[in-house]
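The structure appears right after this line, and notes come after that.
The values are calculated or read from the model by the stated rules, or taken from the named source; none is laboratory data. Remember, it's a predicted structure, so these values are computed and weren't measured experimentally. Here the Cβ positions follow ideal geometry from the backbone for every residue, glycine too, while neighbour counts run over all protein chains shown. Accessible surface areas use protein heavy atoms only, side chains included; no ligands, DNA or RNA. Shrake-Rupley method; radii C 1.70, N 1.55, O 1.52, S 1.80 Å.
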Amino acid sequence: MKPANRHLRLALVVIAVLLLAGGSLGYVLHARQRDRPPQQAEADGSFGLAEPGLYFRDSATGRVARLPGREAPRVTGGPSCERFYAAGERALCLRKLPGIPARTQALVLDRRLREVRRVTVPGIPNRARVSASGQLLSWTAFAVGDSYAASGFSTRTSVLDLRTGYLIKSIEDIPLTIDGSRYHAPDVNYWGVTFARDDNRFYATVSSRGRTHLVEGDLRGWSAKALRENVECPSLSPDNTRIAFKKKVSGDPRAPWRLYVLDLAGMREHPLAERRGVDDQAAWLDDSTLGYALPGRGGRASDIWSVPADGTGQPRLVAPGGSSPVAVR
């Protein structure tokens, strides 16, 4: 082979190697950029809970936003959260931390949405609630799986008492009574806590052996008793007389639940006008209206809807591209 041909072949090989290396480096950099978690923004200085309105997670930005009124545009600028709730003088923001295994960061915030305390627990952010006084906070994370419709899921539900600073990492150890007898099982899971106004009594869902129950808990007495079967994600009304919940009404994994309201005095329940499957812990926007998230239209992750709590009326779209609604007064 002539020297000129050898030099030409060598040059072509070098160019090919450089192109491959550059392509590989570009792919690696692109993959790293793609897999990098989004920046966790804190609240802007002018954004807080001082203004009344509907607060929620904005799907486009991942940050907390506010709707001042029905016709007013949304105001953005809150912290980045996967789940959000607020009441009294405190707010709760759940974030999914990067890496494996999954971890959830629970941020306790003041009314300016500045961090007061943080707790990190295993799992994926799922439910968040704050008592009316702002003194008790609870969150649920999926430890295994990421859907209540799937079998084999596992949850961890924590309660934080800001009066004492005491953290209950998991309420699974609370003595549980079902059908009048002390209940023991290795597969007990709690989720969806909602607090009464006395900052002691709470309601939650407990599941075991394929059944779900509404339980009433006593924090000071450290006990819980089952009240009713087939109740999930309870939400206690502002007057503490009713519980909104999702009830399993179908074996269809795409839409197994429907929203109901239970009158605690007579233990009577009625379905709401929302007939679509709701996989959310509904929030009471006022004494007569519930807010909740549904899969979004046009490719949006979720939309916020509202419906009357008495079973009348029709669902109304409140905030396209939103989730975790809470009314701040």
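Which of the three applies to region 138-252, rounded, prolate or oblate, going by the alpha-carbon gyration tensor with a ≥ b ≥ c and a/c under 1.5 meaning rounded? Verdict is rounded for region 138-252. Electrostatic bookkeeping for GLN281 treats Lys and Arg as +1 and Asp and Glu as -1; over the other residues with beta carbon under 9 Å from its beta carbon, the sum is +1. Computed over protein heavy atoms with a 1.4 Å probe, the carbon and sulfur contribution to the accessible area of region 46-166 reaches 49%.
Solvent-accessible area per residue in the chain equals 50 Å², computed with a 1.4 angstrom probe and all protein chains kept. Straightening the chain between ARG211 and VAL116 buys 30.5 nm, computed as 0.36 nm per residue apart minus the Cα-Cα spacing.
Take every pair of alpha-carbon atoms less than 8 Å apart whose residues are at least six positions apart; their mean separation over the length of the chain yields a relative contact order of 11 percent.
On the basis of the beta-carbon distance and an R0 of 22 Å, ARG254 and ARG300 show a calculated FRET efficiency of 0.80.
Which entry in (1) 6, 27, 37, 25, 6, 0; (2) 5, 24, 32, 20, 6, 4, 4, 3, 1, 0; (3) 5, 19, 20, 22, 18, 9, 4, 2, 1, 0 matches P(r) over Cα pairs in 10 Å bins from 0, in percent derived from the coordinates of this structure? Label (2) holds the value from this structure.
Surface composition of region 210-329: carbon and sulfur make up 49 percent of the accessible area, probe 1.4 Å.
Here the Gaussian network model covers the chain, with springs between Cα atoms less than 10 Å apart; of PRO308, PRO234, PRO175, PRO175 fluctuates the most. For the chain, the list of Cys residues with no other Cys C-beta under 4.7 Å reads CYS233.
Shape of region 196-294 from its Cα gyration tensor (a ≥ b ≥ c, root eigenvalues): rounded if a/c is under 1.5, otherwise prolate when a/b > b/c, or oblate? Since a/c reaches 1.5 but b/c is at least a/b, the shape of region 196-294 is classed as oblate. Shape class of region 49-98 from the alpha-carbon gyration tensor: oblate, with a/c at 1.5 or above and b/c at least as large as a/b.
Computed from Cα positions, the angle between helix 3-35 and the longest principal axis of the chain comes to roughly 10 degrees.
Counting only lysines at least 8 places from LYS225 when in the same chain, those with an alpha carbon closer than 30 Å to its own are LYS169, LYS246, LYS247, LYS248. Distance between the pseudo-spin-label points of GLU51 and SER288 (7 Å out from Cα toward the beta carbon): 2.7 nm.
Projected onto planes of every orientation and averaged, the convex hull of the alpha-carbon atoms in region 242-329 covers 6.0 nm². Our coupling estimate for region 242-247, obtained by passing each phi through the Karplus curve with A = 6.51, B = -1.76, C = 1.60 and θ = phi - 60°, is 9, 10, 8, 7, 9, 10 Hz, Gly and Pro reported as x. Distance from the alpha carbon centroid of region 54-98 to that of region 253-322 works out to 19 angstrom.
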